[in-house]
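The values are calculated or read from the model by the stated rules, or taken from the named source; none is laboratory data. Fair warning: this is a prediction, and the values are worked out from it, not measured in the lab. Cβ placement follows ideal geometry from the backbone for every residue including glycine, while neighbour counts extend to all protein chains displayed.
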Amino acid sequence: MATLSYQRGITSGRLGEGAAIATAMIPFLLAAIAISWFGMQRRKWQQGSSND
């Protein structure tokens with residue numbers, strides 16, 4: 001989707017459409033960050049590390 005946002009916004013000159021696509025990606029990126037973070041915390045817990 002980042003490439004699509006770039007193509008629509010920069011290449012074709014429709015900055016508003018490119019910005020809308022980029023903004024629409026934010027919830028998906030936040031979900032990916034949360035899933036990764038919880039996965040890393042779980043792996044850390046399974047290895048017996050402290051909760052720092």
- Among the listed residues Ser49, Ser12, which satisfies the condition of being hydroxyl-bearing (Ser, Thr, Tyr), modelled with pLDDT under 90 and exposed (fewer than 13 other Cβ atoms within 10 Å of the Cβ)? Ser49
- Message: Are there helices (runs of 4 or more DSSP H) fully within the chain with at least 3 residues that are touching a residue at least 12 places away in the same chain (Cβ under 8 Å) and not basic (Lys, Arg)? List them.
- Response: 2-6, 15-24
